Amino acid sequence: MLEITSLKDGIVIDHIKAGNGLKIFNLLNLESLEDEVALILGASSSAMGKKDIIKIENHTDLNLDAVAIIDPSATVNIIKDEKVVEKKSLELPEEIEDILVCQNPKCVSTSERSVKSKFELLHNEEKSYRCVYCGHIYDVEE
């Protein structure tokens, strides 16, 4: 059996839908952290069947909007001295900047380096966003 130890201080992103853990890991660029990061894929869950989990030592200042975009049903636990001191539920952000990349090759955000991408939530249930520059609809699920 695999054993992942508890964190002294850090953050645990739990209840990630199976298959979304790697997407969140990549979107947050967690491979660049020097502290320990545990990416657990396909963990058993009585409520979900299978789930992914990410544990990050010594970091609590992650962009939770990026996590919410991939899986708004995930939960976030802030750990201090090996105890959960805060639990956060996620919601899709109304506006996001510099997380998604517009899929329209003619958009100013893709052709100009100094322009950060910016999207507004269009439909919460459908997880779709609209680029504020060109109006392109971005479906997070695709």
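Results, tabulated for the structure shown:
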quantity: Cα radius of gyration and Dmax for region 63-121 (Å); calculated: 15.4, 49
quantity: Cα convex hull volume per residue for the chain (Å³); calculated: 123
quantity: Dipole moment magnitude, nearest 20 debye, the chain about Cα centre, only Lys, Arg, Asp, Glu C-beta charged; calculated: 240
quantity: CD proxy at 222 nm, helix term only [per DSSP H run n ≥ 4: -39500 (n - 2.57); per residue of the chain; nearest 500]; calculated: -3000 deg cm²/dmol
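We did not get these values from a lab; they are worked out from the coordinates using the rules stated. Keep in mind the model is a prediction, meaning the values are calculated, not measured. Ideal geometry is used to build each Cβ from the backbone, glycine not excepted, and the neighbour counts take in all protein chains shown.
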